[in-house]
Each structure stands twice: as C-alpha cells, then as structure tokens.
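Read the figures in this text as sums done on the coordinates, not as results from a lab. The structure displayed is predicted, hence computed values, not measured ones. Reconstructed Cβ throughout: ideal geometry from the backbone, glycine too, with neighbour counts over all protein chains shown.
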Amino acid sequence: MIRLAFRNLAGRPLRVALTVAGLAVAMAVLVCLSAFGQGYRRALGSELDRMGLQLMLVPLGCPYDAAARVLKGRTLENSLPESALKTAQADPAVAVAAPLLMAAVPRPRENRTDMWVGLDEAALQLKSWWRVKDGDRWFRDPDSVILGSEAAVIEMRAVGDKLYSPEAGQTLRVSGVLERSGTSDDSLFFVPLVTAQKMFAQPGRLTAIAIRLRDPGQLREVTERLQRIPGAQVVTLTEMMGTFLNLVGAVRTLVTAIAIVAITTAGLGVFNTLLAAVLERATELSLMRAIGASRLQVFALITTESILLTAVGAACGIALAVVPGRLIENLVKQFIPFAPTESLLSLTPPVVLQSLALALTLGVIAGIYPAWRASRLHPADAAKME
Amino acid sequence: MLRKFGFPTIAVTLIVVLAAWWTRISLSLSLETPSELKTSRIEAAPMCPWREPDADLRAFFPEATRYETETRILSGLRVELADRLGRMPTAEENALHLYRVFREQEPIGTILIRRVKGEYGAMEIVLAVSQNAQVRGVRLQRSREPESVANIIERPSWLNAFQGKEVQDKWVLGLNIPEVPDEARTSAKAIVDGVRSLLILLDTAGNPNAITTRSHHP
C-alpha cells in the first residue's frame, strides 16, 4: 500500500514538490516557534541561575529597565547611597550583598563606549564562574584593573601593562585578563569599587547592589524589608524572568497565530493536491475497484498518500528550521529584553515529535474528503469512462 | 488547479531560497567572529578602521578626488616578511588593508591604518604614503596616552620628521627620528616600529604573489 502510494505521488513530482515546500515552510515556522519558546525560558533561567543572585537593589525608576541595564553592563542615570549597602548587609537573610558602580565613557570618534565597573570582593562570591586567562583573579592594589577578554584585545593590554583613562586622568595597572565568557563581561574594565567612585566622582554612590539570600524561600520577606530603603527599589530576578517571558509570550502568541494560518494554508494545499489527484485518477481508481479493491482499501490508499505527503513536508520543515532558526535567533536577540547569551533555539525531541504529530494529524484530516470521494467511485465508472 | 495552487507555493519556495541564502551569509559572518577572537593574541589586534577619511585626505592628499579600498593577502609571503621585519609576522599582518588615493583616475598615494601597542593603551596610526613610496604624513587617530606623553608624540614637529622617509631608511629613534623624553619613549618607539612595519608590508604587497581584492569609494 505504501509503495503504491509512493508511486502515485512520484508520478506528479512538480505538484508534490510544491505542496511539500509549502508545508515545509509552515512547519519550519512552527518548529522554530516551539523551539524558541522553550529555549528562551531555559537560557534565561540558566543565565539567572549562573549569576547566583536573587535580588537586585536599584535606584528608583523603571525596575526592570534598571535591572536589565545593570545585568547587561550599562549605566543608570540615578544612583544609590552606600548606606543602602550597609542596610542590605545588615539584613540577617542576606548572604551576599555586592555593590556595583558602573560608568559609561562614550568614545564617539571610535563609535564605542568604554564600560567601567567598580566591584568589591563580595562580587567574587557572585561571579564564581569568572575564569582568569592571565594574571590574578582579584585586584592587586587600588590602581589595578581586570580586563574582559575583548577589552584586552582592543586595548592591546597584557598583565602588568599600564592602562590610562584619559577621562578620569587615572593610570591603572592590568592585574588580570578574563577568559572569554560570551557575556557582557568580555568588553568591561573592572576596577575596585573605591577606585571607580574616585575616577568618576561618585564618592559613596552605587549603581546597584546584587543580593544573594541565605534561603531563597525568604524572598518575599526580604523584598518587603529592603523595599523600605529610601531611594531604592527591589527587583527579584524571578520577577524579571516572569516579565521577560510575558513580553516574549505576547509576541509569541502573535507569531503563533501567523504560523497557524500558514499551517492551515499548507493543509489546504495538501487537500487541493489530493483532490486534484483523485479527480485525475478517477479511471484508475474505478479500475482498482473493478478488479476487487474494497472501498476501505481505496480510502486507505489516498489517506496514506496524504500522510506521506505531510510526513515528508514535516521532515523538510524540521530540517529547514535548523538553518533559518539561527537567523531568527540572531534577529530576535536584538529586540528581546535581557537576551541570554546562550542559544535560544532548543530543538529537543519533544518539540520534533510534537511537530511531526501535528503534521500527521493534518495529513489525515486533509486526506479525509479526497479519500472519501475516491472510495465512492463505482467500479462501473471505469467502463463508462473508457 | 495546478496554476491556482502553484503560484503561491512558488512564491513561498522563492522566499525560502532567499532566506537560506541570507542565512548562509549571516552564518558565515557570525562564524568568523569567534574564530578571530579565539586566535587573537595581544600583539595581533583586530582590524583597525579608518575613522576620519575626509579629514585625513584633506590633510595628506588635498588634491584627492576619491579612494579605493584594497586588501592584499600576504600569507603566502610570510618567509619574506619575517626576513624583512626581523620577526615573525603577526596574525593581522597576513592581510594588508590599503586605501588607494586617486586624483580622478590617477593614483596619487596610499593610506594605511595600524593599531599599535602604546604604553598606556592601544594607539591608532594613520600613515600616508605617496606614489614614490615616501612617507607623506603620519597622524594618531586614537590614543589613550596621558597628556604629557600625548603632547610629545602628537606634536607636529615630531610627526613631520617621518615625512620623506622610505622603507629602506634607518628607522631608529634618536638617530634619524628625533629623540623624545623618556616618559614618551615606549609609545614613540611603538609608532616608529608601526610605521616601518607598514612600509615593509606595503612594499611586500607589491609582490605579484599577493592576492588582491578591491572596492570603490567616491
């Protein structure tokens, strides 16, 4: 039966190829969407987990924008007083409170911005994944600088070299160069917190405080306490993750609707192809009935053709999803908030199986009417048509 | 029926083909970046852009009407380069990016850009070379040096000392390039070495074994 169905399809290569192509595109879009949804959730979760913190204390303003800016190494317009750090550190539920001061030094002639980040030793507990390529893992003295891998290459600096900041009039000595991490750290200049405050005339001020709790179960209580710090607001990373997922989810719903339209159109294409084939092959099908094929066998033959057609289309679509999936990922990463650095496209076996199942269901549904029409042909029609 | 159904599908197929082509380009670009970063060493900085072409052309080649970008692949000439430079060529020296300057159709010189390791950060040199392979001018388009050093190495009287020099000249600070105070010596030497290396690369790029690619800029 399958061989016969194959032969029937192979007899109309152009029509079948076009149908398969339409189906493949629709399936590729659907597979990409499913894979992207899962991948974004996983990548965002692992990126936040890797940071090892649950809260960000940021100045008043849009909290999500503030937290995203800090996490991506961008500066905030407002700042926190250092007293906020002391309050946070004094909270019994806080295990680590790491202050950050960030300063952006635009270099319009070079079409780039130098990002300086002031840290104290508490940051090391949160950046446990920091790997040093050369030199030390921490600052040797207040005039030390640790460079992200890309910053070191651009500035042609190695451990022991001097680095001058013309804007701050400060000469620093490179004490370490980080391994490439694929994060925003790669292009940053890290200096001790006190040095950063001095360099950028922000004594006693902070851009943000990253907080890890002793027990993440106390998140709600701690958030309420820290929220009372004047001029500060608390952003929990789970809130951030939820907000980002909601934003992305809204876009995803819209695109899913488009994908459903594409799939429906592709299903109609399969229906059209099969119906045309049944009408063209009416004589052949009647003859089959005349030589003993039952209605059920004819019905099964057309349904098999339909399933084969959609299965091939789905397989091509999944293969196609791998290539444009990367393109879509590159485009999407530019627009979504706090895009994780790892791949967003998670083409897992469940995603592939779900897509295949959908395609096969579509094949069965699209084939029902043509198969029914074919099964209704009478053996005597063969003689009439002859 | 085929016609009715076929046209949209052909359109979709065309879109898929175009998307695949576009993806191939974007993938090839994105694949180049990590490999560059992986292989980059501290002495092999990434390609340095020419930041102010109009101002530099006005300063060095006021008669210029246009320029062309040209890339000469020198990886096949590494032995010759190593011999002339007195050291192994760096990864970035496998290719030389030239800006050929023209007055209408007549070539009048070349601009070369190079990032060198200054004492306090990377410095970017703009080197203008005339058609007879003599230095027409040198400018620093970017540096992180403190004012006390920058004032010395960016002083016109010091940079003008490069004018008229050729690749076969001696390139020794304090001999035929004016000496500078100690505090600026490291950065000044980096500039002298950078200019000499560029002239050697330019001279070697004239070798017929070097592969050339071009693009035009009005």
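Starting at the first residue of the stretch A:97-111, write each ³J(HN,Hα) from the Karplus equation 6.51 cos²θ - 1.76 cosθ + 1.60 with θ = phi - 60°, in whole Hz, x for Gly and Pro.
So the Karplus estimates, Gly and Pro as x, are 10, 9, x, 10, 10, 10, 9, 9, 10, x, 10, x, 5, 9, 6 Hz.
Starting from the amide H of B:W171, placed 1.01 Å from N in the peptide plane, find each other amide H under 5 Å away whose residue is 5 or more places distant or on another chain.
HN-HN under 5 Å from B:W171: empty list.
In the stretch B:73-158, how does Rg compare with the Kirkwood Rh, expressed as the Rg/Rh ratio over alpha carbon atoms? Don't skip to the end; give the middle numbers.
On the way: Rg = 15.3 Å, Rh = 14.9 Å.
With Rg and the Kirkwood Rh in hand, the quotient comes to 1.03.
Give me Rg/Rg_expected for the stretch A:119-244, where Rg uses Cα atoms only and Rg_expected = 2.2 N^0.38 Å with N residues.
Numbers: Rg = 16.9 Å, N = 126, 2.2 N^0.38 = 13.8 Å.
Cα-based Rg divided by the globular estimate yields 1.22.
How about the stretch A:122-161: which trypsin sites (Lys or Arg not before Pro) there are in a DSSP loop, with at most 12 other Cβ atoms within 10 Å of their Cβ?
Numbers: sites: A:K127, A:R131, A:K133, A:R137, A:R140, A:R157; in loops: A:K127, A:R131, A:R137, A:R140, A:R157.
In loop regions of the stretch A:122-161 (DSSP not H, G, I, E or B), the sparsely surrounded trypsin sites (Lys or Arg not before Pro) are A:R131.
What are the aspartates and glutamates whose alpha-carbon lies under 14 Å from the alpha-carbon of B:K189, with same-chain residues fewer than 8 places away excluded?
B:E119, B:E124, B:E145, B:E154, B:E179
Once you average over the residues of A:147-160, how many Cβ atoms of partner chains fall within 10 Å of each Cβ? Intermediate results must be reported in sequence, preceding the final value.
Details: counts 0, 0, 3, 3, 0, 2, 9, 7, 9, 14, 6, 4, 1, 0.
Partner Cβ neighbours, averaged per residue: 4.
Can you quote the Å³ per residue value for the convex hull of the Cα atoms in the stretch B:109-198, rounded to an integer?
On the way: hull volume 6.8 nm³, N = 90.
Dividing the Cα hull volume of the stretch B:109-198 by its residue count gives 75 Å³.
Which trypsin sites (Lys or Arg not before Pro) in the stretch B:76-166 pass both tests, a DSSP loop state and at most 14 other beta-carbon atoms within 10 Å? Kindly include the intermediate steps, with their values, before the conclusion.
Working: sites: B:R78, B:R84, B:R87, B:R100, B:R103, B:R114, B:R115, B:K117, B:R136, B:R139, B:R142, B:R144, B:K165; in loops: B:R87, B:R144, B:K165.
Counting only loop positions with at most 14 other Cβ atoms within 10 Å, the trypsin sites (Lys or Arg not before Pro) in the stretch B:76-166 are B:R87.
Modelling each spin label as a point 7 Å along the Cα-to-Cβ direction, I'd like the A:T256/B:R87 distance in nm, to one decimal.
Using points 7 Å along Cα→Cβ, the separation is 5.9 nm.
Using the basic label-point model (7 angstrom from Cα toward the beta carbon), what is the A:V322 to B:E166 distance in nanometres?
Taking the simple label geometry, A:V322 and B:E166 are separated by 5.9 nm.
Name the trypsin sites (Lys or Arg not before Pro) in the stretch A:165-228 that are in a loop by DSSP and that have at most 16 other C-beta atoms within 10 Å, would you? Mind showing how you got there, number by number?
Working: sites: A:R173, A:R180, A:K198, A:R205, A:R212, A:R214, A:R220, A:R225, A:R228; in loops: A:R180, A:R214, A:R228.
Those that pass, being in a loop and sparsely packed, are A:R214, A:R228.
Could you tell me the center-to-center distance, by alpha carbons, between the stretch B:77-143 and the stretch A:174-229 in angstrom?
Taking the Cα centre of the stretch A:174-229 as reference, the centre of the stretch B:77-143 is 42 Å away.
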